[in-house]
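Participant: Attaching a single structure in structure tokens format; questions to follow.
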Amino acid sequence: MNRVYLDFNATTPVEPEVLDAMLPYFSAEFANAASIHTPGQKAGAAVETAREQVAALIGARPQEIVFTSGGTESDNHAIFGVVAQSILAVRSGETAKHIITTAIEHEAVLNACQALEKEGVRVTYLPTDRDGQIDLEQMRPAIRPETVLITIMHANNELGTVQPLEEIGRIAAEADVYLHTDAVQSAGKIPIDVNASRVDLLSLSGHKLYAPKGIGALYVRGGTRLRQLLYGGHHQRGFRPGTENVAGIVGLGKAAEIACKSLAEDARRASTLRDRLQQGLLQRVPQSRVNAAAAPRTPNTTNLVFPGVEGEALLIALDLKGLACSTGAACSSGAVEPSHVLTAIGLPPEEARASLRFSLGRHTTSADIDFALNVVPAAVAQLRELSPTYRKEAAAKT
Amino acid sequence: MNAATQFDTLPECAETQRGLIAVAMSGGVDSSAVAALLQQQGRAVVGLTMQLWNQRRLPELQGDGPAQHRCCSLDDVYDAKAVAQHLNFPHYVVNFEEQFEARVVRPFVDQYLAGRTPIACTNCNTDVKFEPLLRMARQIGAERLATGHYARIRRNDQTGRWELLRARDETKDQSYFLWGLSQEQLSRSDFPLGELTKEEVRALARRVNLPVAEKPESMELCFVPTGNYVQFIQAYSQERGISLRSGEGEIVNENGDVIGRHNGVHNFTIGQRKGLGFAAGKPLYVLSIDPEKNRVVVGEDDVLRKTVCEVEAVNWISREEPSAPLRAFAKIRHKHEPAPSTIEPLDVTVARVTFDTPQRAITPGQATVFYDGDVVLGGGWIR
């Protein structure tokens, strides 16, 4: 069966150049990067090269990059690490620390915050408007003397919406509060400069930018007071112990290097194809709409609502025809759960359930888009034909 | 006859439709065997496993039992997926938690609190499996939905109607739970196990090396895996803020004389002997439950036997609504031997059932299903 994959926000393939760069480090150059001998030093040098490559992608210094197992670990490290190490000013009179985040974060951030709430930390979940943007005028007064961390995602995984990181950074810096951003969905897709945006901590993930799964990084601005998450040996200056995943790190470095070079061209290509897909679907599927259309979005992502359709059924119908895309979140069984992101931007439950995300990749072709434009309208029409609510509404209108 | 020859001589599906068929897969041996059977018949199969209940809810009920005894356990989902991977067909987990709660769990609890003894499986079949799940199956391109039910469907060419029949294996027959299905639902359903015995199904599962071939059968209601309804109803009512009226009440005899106290009407079901909580000269049984007065009426066994009951929401399957009384064998609970009776339609959806001889513990909330031999004529809920 012809299969077209339009779910690159879920994960990306390892780029052939990345794989080539990694391969020597599985067997030939297998040494432990922490070893003193020459083979170890060679592996260590490869790790340091990768650190420079990743730093370059986000405008950081190499020593500010910590390699982790992925986005989830990076997010947890940043959030638990800042809260654990922070000290409340006695004069504030408050005994509970406070975090500011948003209602549309990835579960890695949301569930970390909820875990801290159970330990007595207070959390403000900033709402967003219908386009998935937080209101900076609401953020400012949310900052309290006991606020120890602001954690706001850069780009949203479901909608692609991008938050105004530089303005958020300025407000956080003025209030002297640490700012963490989950940049898993933006790194490699849109430019990031940790200094211009004044973020203190930034998470990124390898497998979202054509490196393998199981590798990620946390940017930690020099001087940030952060407790370590794991305890062990002296790897990565003792800050993130555990024998370095050398092949993974080399892969992430190579992927970051490629992303640096091709970011502008990738973005231009992806947004052209994405816009064609989006326009084509809007034209071919009656009553369809784009979610968060008015917000700045990552160039590869579009999220559409097809009223009268169960997104879960549409996803399956499309998969059986060879098109891979995504609804909101899946629970541990694999069943689709109502998306907290779509609910947070104010979609009624039936529209949240009727939404589908298409996310394009670096190698998505025009033929892939044609395929989607061919199968999606037919599948939606078939689902609507059998939807009791949609038929009732259609009948009422005629 | 061994399982292989039995399988080889299976009749063709009622229709010659050779398109995609969806299989409702619970992760148990029966529905897994259905998938294997259909695949061997050359059908293109897609497996659908319903997520019906959020396991994180009512954690106090989950206990420490093994995972397979928990409702909608991930183990069951993984089992279904493992079968699909083993047989190499697409499989999806689909979320019907909302529909299941609204159409099965909530009515089940409400009925118990109203002093009735509901059958959740019938609601699940009529209002979930063969409703939104069947619709989803069709929406994703399948013409029909196959399940692991032990029952048979056939089209009567003379009447043009779809008929529901008892399973060939009488010990496994589940037709009692399927009386609510409409002609439309039956026309799009397949019960491939209807001609097989449980032993043959297991043998088939072993022969094709299904990973669930030796999996034990689950006997309990899926969302009350412990079998303790009372505990479930209390926990669920508390979570949903449903008033339990569970305070103590009176146990009375048929004359209305108070002869004891009870701890909530939802603890009782008609015909129950255990748990009456007091000694009596002769064994006493629950005759009726009056939730309004918070009373449980008890009496001796002979009073428990009744000849007449009324049924509502009547659904006729193998024939149209009769205009005159008709004779049938009526079954008043899953483990009841169908008894000769006369069914008298009172209006389109209500009928009176008069048994030739008194039947023990005719229980409101259960169903009466009318049989003509193996054929299910129809059924209705006991008032």
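Bear in mind these aren't lab numbers, they're just calculated from the coordinates by the rules spelled out. Quick caveat, the model's predicted, so the values are computed rather than measured. Every residue, glycine as well, gets a Cβ built from its backbone with ideal geometry; the counts of neighbours run over all protein chains shown.
Participant: Pairs of Cα atoms under 8 Å, at least six residues apart: use those to get the relative contact order of chain A, whole percent.
Facilitator: Reported relative contact order: 22 percent.
Participant: Apply 1/(1 + (r/R0)^6) to the Cβ-Cβ distance of B:A82 and B:Q231, taking R0 = 30 Å, and write down the FRET efficiency to the nearest 0.05.
Facilitator: After rounding to 0.05, the efficiency reads 0.45.
Participant: Quick check: convex hull of the Cα atoms in the stretch B:245-299, volume per residue, rounded to a whole Å³?
Facilitator: Taking the convex hull of the Cα positions in the stretch B:245-299, it is 67 Å³ per residue.
Participant: Please give the contour-minus-distance gain from A:D129 to A:R276: 0.36 nm per residue of separation, less the Cα-Cα distance, rounded to one decimal in nm.
Facilitator: Using 0.36 nm per residue and subtracting the Cα-Cα distance, I get 50.3 nm.
Participant: What translational diffusion coefficient, in µm²/s and rounded to a whole number, does the Stokes-Einstein relation yield for the stretch A:286-398 at 10 °C and a viscosity of 1.306 mPa s, taking the hydrodynamic radius as the Kirkwood radius over Cα pairs?
Facilitator: Value of D from the Cα-based Kirkwood radius: 107 µm²/s.
Participant: Return the FRET efficiency for the residue pair B:M219, B:E321: r is the Cβ-Cβ distance, R0 is 45 Å, and the value is rounded to the nearest 0.05.
Facilitator: E(calc), rounded to 0.05, equals 0.80.
Participant: Another question, then. With Cβ to Cβ distances under 9 Å as the rule, what net charge do the other residues near A:T11 carry (K, R +1; D, E -1)?
Facilitator: That sum, taken over residues with Cβ under 9 Å, equals +1.
Participant: With loop defined by DSSP as not H, G, I, E or B, and exposure as at most 11 other Cβ atoms within 10 Å, which is the longest segment of chain B clear of exposed GluC sites (Glu not before Pro)?
Facilitator: For GluC sites (Glu not before Pro) (loop position, at most 11 other Cβ atoms within 10 Å), the longest site-free span of chain B is B:13-169.
Participant: When all C-alpha to C-alpha distances in the stretch B:3-207 are sorted into bins of 5 Å, what percent of pairs does each bin hold, rounded to whole numbers?
Facilitator: Per 5 Å bin, starting at zero, the Cα-Cα P(r) for the stretch B:3-207 comes out as 1, 7, 15, 18, 21, 17, 11, 6, 3, 1, 0, 0 percent.
Participant: Another question about this same structure. Rounded to two decimal places and with Rh computed the Kirkwood way over Cα pairs, what is Rg over Rh for the protein assembly as shown?
Facilitator: Dividing the radius of gyration by the Kirkwood radius yields 1.04.
Participant: I've got another one for you. At a threshold of 8 angstrom on Cα-Cα distance, excluding pairs fewer than six apart, so keeping six or more, what relative contact order does the stretch B:326-383 reach in percent?
Facilitator: Relative contact order for the stretch B:326-383 comes out at 33 percent.
Participant: Right, another one. Regarding the stretch A:1-72, what's the average projected area of the Cα-atom convex hull, expressed in nm²?
Facilitator: If I average the Cα hull's projected area over directions, I get 7.3 nm².
Participant: Let me check against my output: what whole-number percent is the relative contact order of chain B, with C-alpha pairs under 8 Å and at least 6 apart?
Facilitator: Relative contact order, chain B: 16 percent.
Participant: Semi-axes of the equivalent ellipsoid for chain A, please: Cα gyration tensor eigenvalues, times 5, square-rooted, ordered largest first, whole Å.
Facilitator: Gyration-tensor ellipsoid for chain A: 37, 28, 17 Å.
Participant: Follow-up question, since we're still on this one. With a bin width of 10 angstrom, please list the P(r) values of the stretch B:306-382 as percents of all Cα-Cα pairs, from the 0 bin to the one holding the largest distance.
Facilitator: Each 10 Å bin holds this share of Cα pairs: 22, 62, 16.
Participant: So for the stretch A:202-334, what are the equivalent ellipsoid semi-axes in whole Å, largest first, each being the square root of 5 times an eigenvalue of the Cα gyration tensor?
Facilitator: Value: 38, 19, 15 Å, ordered largest first.
Participant: Checking the cross-link filter: which lysines have an alpha carbon closer than 23 Å to that of A:K42, excluding same-chain neighbours under 8 positions apart?
Facilitator: Straight-distance partners of A:K42: A:K254.
Participant: Grab the beta carbon distance between B:A44 and A:D370, set R0 = 35 Å, and tell me the FRET efficiency rounded to 0.05.
Facilitator: 0.85
Participant: In addition: Give me the angle, in degrees from 0 to 90, between the Cα long axis of helix A:71-85 and the longest principal axis of the Cα atoms of chain A, rounded to the nearest 10.
Facilitator: Here the helix axis deviates by roughly 50 degrees.
Participant: Additional query: Taking 0.36 nm per residue of sequence separation and subtracting the Cα-Cα distance, how much length would be gained by fully extending the chain between B:R305 and B:V348, in nm to one decimal?
Facilitator: 12.7 nm
Participant: If you don't mind, another one. List the residues of the stretch B:166-190 whose backbone N lies under 19 Å from a point placed 7 Å from the Cα of B:D374 along the Cα-to-Cβ direction.
Facilitator: Answer for the stretch B:166-190: B:166-179, B:186-187, B:189-190.
Participant: Could you list, in their original order, any pairs among B:K198/B:K335; B:K172/B:K306; B:K215/B:K331; A:K321/B:K81 whose Cα atoms are separated by more than 24 Å?
Facilitator: Checking Cα-Cα distances, B:K172/B:K306; B:K215/B:K331 exceed 24 Å.
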